[in-house]
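Enquirer: Here's a structure for you.
Readers should treat all values here as calculations from the given coordinates under stated rules, not as data from a laboratory. Computed from a prediction, not measured in an experiment: that's the story for all the values here. Note that each Cβ is placed from the backbone with ideal geometry, even for glycine, and that neighbours are counted across all protein chains shown.
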Amino acid sequence: MSTLSSVAPAGFDVEKIREDFPVLKQKVHGMPLVYLDSAATAQKPFAVIDAIRRFHEVDCANIHRGVHELSQRSTAAYEETRSKAKRFLNSRTKNELIFVRGTTEGINLVSSSWGRKNVKAGDEIIISAMEHHSNIVPWQMLCEEKEAKLRVIPMNDRGELILEEYEKLLGPRTRMVAVAHVSNALGTINPVRQIIEMAHRAGALTLIDGAQAAPHMRVDVQALDADFYTMSGHKVFGPTGIGILYGKTKLLNAMPPYQGGGDMIRTVTFEKTTYNDLPYKFEAGTPNIAGGIGLGAALDYMTQIGIDRISAYEHELLLYGTEALSEIPGLKLIGTAREKAAVLSFVIEGIHPHDIGTVLDRQGIAVRTGHHCAQPVMDWFHVPATTRASLALYNTTAEIDALVDGLKKVKEMFS
Ligand code: PMP
């Protein structure tokens, strides 16, 4: 087995990175915490915690509407995150980046606003077999309302989408193709550039669910040519309750508002309201200001470490983890795509994932067990649930060794 120093790319000092995350220093049930649940939510570095605290201690005021100093400062700090997000996602302008609560709200915004206006009876929406519920249910609701049809790209035994089948699903009635960039349940990295190109050739738009991609790889919405791309702040080491929806300006301008309220208007009379420009047209009410500022600090944090370095390190961790888990008799990985992010989802013959998770927890090891909000994926693999270890930039090979030791104990207990 390789050692920690041999898996880290040049300039990547994981022990130093771990110092940035106070939560990782604790013991759980008397054992050092081994946090392997970053796909559910990532831990927060001091840079993010401090930015949120500083906002509340020094700059706290509502944004956009005040002439006083504090309001100016909080507006500037909040809007600065939009500029950071523009660089992070490489959008053309910052006005095509809408602050939302997270990926779920980003998808709901598009399905409600764009969908209600553009989808008609008999139209078709394509999703994939590996979507998170948040990229299934909003489209299902839209299809039900409009009498449109939901079609699903199938996958193979490795958990890779079958593009030949996707090609067959595309047709003149296809209005939208909505797929995950990276699957949270399987770790599969989908060939979204190609998926988008194929959709565009058929005259359809695309929405990419970037919840699991943004923390782990470089995202360039222009290079992808995505029509919509959405991500959650809490998965990129930022706070919960804040995320970003990218949409092409032309599309966003043509869409009706999602919610009505303050900030999204230009003028209001009882007879008629006119709407604000982008991005504010889609941002009704007082937003998560502290969250937005924390997200800015998180994007800076990732950028400073270097997204490509993060990807390279996590890839080595994935290879190490895949090999290490293969030592455990009766363990089967669910999701063995050739292009994979650092997610290790597995089942062990004869032992329920819930029992695995509980025994690991007693050893301070945090994994997720269940259907991972992707029940159709579980159905496809004929398992009720999996145990999922999801890795991030602060994990180490020693922690993977701890997981393997923990699983050996589980096996002893249940055999
Ligand atoms: N899509 C994927 C692939 C996810 O992993 C998640 C979160 N688990 C979501 C969407 C939803 O993200 P959020 O709960 O942050 O809105």
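Enquirer: Under 18 Å Cα-Cα from Lys168, which lysines qualify once same-chain neighbours fewer than 8 residues away are excluded?
Expert: Lys149
Enquirer: A further question on this structure: Please list 3J(HN,Hα) in residue order for segment 59-76, calculated via the Karplus relation 6.51 cos²θ - 1.76 cosθ + 1.60 where θ = phi - 60°; whole Hz, with x for glycine and proline.
Expert: Whole-Hz 3J(HN,Hα) from phi for segment 59-76: 10, 4, 6, 6, 9, 6, 10, x, 8, 6, 3, 5, 5, 5, 5, 5, 4, 4.
Enquirer: May I pose another question? Could you pull out every one of the aspartates and glutamates with an alpha carbon less than 13 Å from that of Lys94, ignoring same-chain neighbours closer than 8 positions?
Expert: By straight Cα distance, Lys94 reaches Glu79, Glu80, Asp277.
Enquirer: Which aspartates and glutamates, if any, have their Cα less than 19 Å from the Cα of Lys25, not counting same-chain residues under 8 positions apart?
Expert: Asp13, Glu15, Asp37, Asp50, Asp361, Glu399, Asp401
Enquirer: Find, among the trypsin sites (Lys or Arg not before Pro) in segment 304-359, those assigned to loop by DSSP (not H, G, I, E, B) with at most 12 other beta-carbon atoms within 10 angstrom. Walk me through the intermediate numbers first.
Expert: On the way: sites: Arg309, Lys332, Arg338, Lys340; in loops: Arg338.
Within segment 304-359, the qualifying trypsin sites (Lys or Arg not before Pro) (loop, at most 12 other Cβ atoms within 10 Å) are Arg338.
Enquirer: Among the listed pairs Lys250/Lys272; Lys235/Lys411; Lys120/Lys272; Lys27/Lys340; Lys117/Lys248; Lys332/Lys408, give every one whose C-alpha distance is greater than 20 Å. Write out the running numbers ahead of the final one.
Expert: Working: Lys250/Lys272 24 Å; Lys235/Lys411 31 Å; Lys120/Lys272 27 Å; Lys27/Lys340 31 Å; Lys117/Lys248 16 Å; Lys332/Lys408 14 Å.
Over 20 Å apart, Cα to Cα: Lys250/Lys272; Lys235/Lys411; Lys120/Lys272; Lys27/Lys340.
Enquirer: Note down the net charge around Thr75, summing +1 for each Lys or Arg and -1 for each Asp or Glu among other residues with Cβ under 13 Å from its Cβ.
Expert: -3
Enquirer: Applying a 10 Å radius around every beta-carbon, put 225-236, 9-20 in order of their mean neighbour count, most first. Working shown, then result.
Expert: Values: 225-236: 26.4, 9-20: 13.7.
The packing order, highest mean first, is 225-236, 9-20.
Enquirer: Decide, for segment 38-116, between rounded, prolate and oblate: order the square roots of the alpha carbon gyration tensor eigenvalues as a ≥ b ≥ c, take rounded if a/c falls under 1.5, and otherwise choose prolate if a/b is larger than b/c, else oblate.
Expert: On the way: a/c = 1.90, a/b = 1.33, b/c = 1.43.
Because a/c hits 1.5 or more and a/b fails to exceed b/c, segment 38-116 counts as oblate.
Enquirer: Expressed as a whole percent, how much of the Cα-Cα distance distribution for the chain exceeds 36 Å? It would help to have the intermediate numbers written out before the result.
Expert: Values: 23726 of 85905 pairs.
Cα-Cα pairs of the chain separated by over 36 Å account for 28 percent.
Enquirer: Per-residue HN-Hα couplings for segment 148-160, Karplus 6.51 cos²θ - 1.76 cosθ + 1.60 at θ = phi - 60°, whole Hz, x for Gly and Pro?
Expert: 9, 10, 9, 10, 10, 6, x, 10, 8, 5, 7, x, 10
Enquirer: Oh, and also: From the Cα gyration tensor of segment 363-412, with a ≥ b ≥ c the square roots of its eigenvalues, which class applies: rounded if a/c is under 1.5, or else prolate if a/b is larger than b/c, or else oblate? Working shown, then result.
Expert: Working: a/c = 2.96, a/b = 1.62, b/c = 1.83.
Since a/c reaches 1.5 but b/c is at least a/b, the shape of segment 363-412 is classed as oblate.
Enquirer: Please give the length that would be gained between Glu339 and Asp355 if that part of the chain were fully extended, namely 0.36 nm times their separation in residues minus their C-alpha to C-alpha distance (nm, one decimal).
Expert: On the way: separation 16, 0.36 × 16 = 5.76 nm, distance 2.98 nm.
That pair, Glu339 and Asp355, stretches by 2.8 nm at full extension.
Enquirer: Full-extension gain between Ala76 and Arg193, please, as 0.36 nm times their residue separation minus the C-alpha to C-alpha distance.
Expert: Details: separation 117, 0.36 × 117 = 42.12 nm, distance 3.41 nm.
Here the segment from Ala76 to Arg193 would lengthen by 38.7 nm.
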